[in-house]
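The structure under discussion appears below in the form of C-alpha cells.
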C-alpha cells in the first residue's frame, strides 16, 4: 500500500470515527440533546408497535453505545475493518428506515445528530439517505482497505506475522 493511500485511509478512519463519536455523544448526554430526544425520534419513525416502548428504550441506548464504541475503536485504529463493518450495517439499517418513513409520508425528525443538523435538514428527507450513503461509502472503503497509517491494526498484524514466521522457523528446526 502506498503512503498516500495510508494517509487517506487515516483521514477517512478518523473522520468516520469522529462523526460517530459525536453522534453517540449527542444521543446520550442531555446537554447536547439526550436520550429522551433520541427516543422521541425513534418513536417518530413508527417502525415499532405502539406497545413496543421497551424496544424504544433498548434502541435508545443500544444504538448510541454501538456507534460510540465503533467510533472509538476506529479513532484508535483498533479492529478498524470490524468497526467500519458494524457502522456500515447500521447505516444500511438507517437508510432502510428512512426509505420506509419517506414512502409512508411520515414527517419526523431524524435524531441522527441530536438537535444538531450539520448535513441535512432536521426533518427526514432524501438528503438523509445521501448522507448515510456517503458515510457508508467511507465505511466500505475502510472495510475493504483497512485503517491506514497510525492504525493499531497494522502494528498488531505485524507482530502476528513476525510471531507466525518465528513459530514456523521453530517448527522447521524442531523437525530436523
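Hey, among 140, 152, which residue is under 21 Å from residue 9 (Cβ atoms) and modelled with pLDDT of 85 or more?
Checking each option against the conditions leaves just 140.
May I ask you to verify whether residue 33 is buried (at least 18 other Cβ atoms within 10 Å of the Cβ), touching a residue at least 40 places away in the same chain (Cβ under 8 Å) and in contact with a strand residue (DSSP E or B) (Cβ under 8 Å, 6 or more places away or on another chain)?
no
Against the condition out of contact with any strand residue (DSSP E or B) (no Cβ under 6 Å at 6 or more places or on another chain), in contact (Cβ under 8 Å) with a residue 60 or more places away in the chain, surrounded by 17 or more Cβ atoms within 10 Å (Cβ to Cβ) and assigned to a loop (DSSP other than H, G, I, E, B), how does residue 17 come out, does it pass?
Here the answer is no, as residue 17 does not meet what is asked.
Would it be correct to say that residue 130 is at pLDDT 95 or above and either exposed (fewer than 15 other Cβ atoms within 10 Å of the Cβ) or over 13 Å from the mean Cα position of the chain (by Cα) (or both)?
So residue 130 fits the description; yes.
Among the listed residues 70, 84, 59, which satisfies the condition of being under 26 Å from residue 143 (Cα atoms), modelled with pLDDT under 95 and assigned to a helix (DSSP H, G or I)?
59
Taking residue 87 and the conditions (1) surrounded by fewer than 20 Cβ atoms within 10 Å (Cβ to Cβ); (2) closer than 30 Å to residue 148 by Cβ, which numbered condition does it fall short on, given that it satisfies the others?
All conditions pass for residue 87, except number (1).
Please give the number of the condition residue 116 fails out of (1) touching a helix residue (DSSP H, G or I) at 6+ places or on another chain (Cβ under 6 Å); (2) touching a residue at least 24 places away in the same chain (Cβ under 8 Å); (3) not in a helix (DSSP H, G or I).
(1)
Quick one: residue 27 ticks every box in (1) in contact with a helix residue (DSSP H, G or I) (Cβ under 9 Å, 6 or more places away or on another chain); (2) farther than 24 Å from residue 144 by Cα; (3) surrounded by fewer than 15 Cβ atoms within 10 Å (Cβ to Cβ) bar one, so which box is it?
(3)
Which count do you get for residues in region 100-122 that are more than 16 Å from residue 38 (Cβ to Cβ), surrounded by 13 or more Cβ atoms within 10 Å (Cβ to Cβ) and touching a strand residue (DSSP E or B) at 6+ places or on another chain (Cβ under 7 Å)?
The qualifying residues number 0.
The values are calculated or read from the model by the stated rules, or taken from the named source; none is laboratory data. The structure displayed is predicted, hence computed values, not measured ones. All Cβ positions, even for glycine, are placed from backbone atoms using ideal geometry, and neighbour counts span all protein chains on display.
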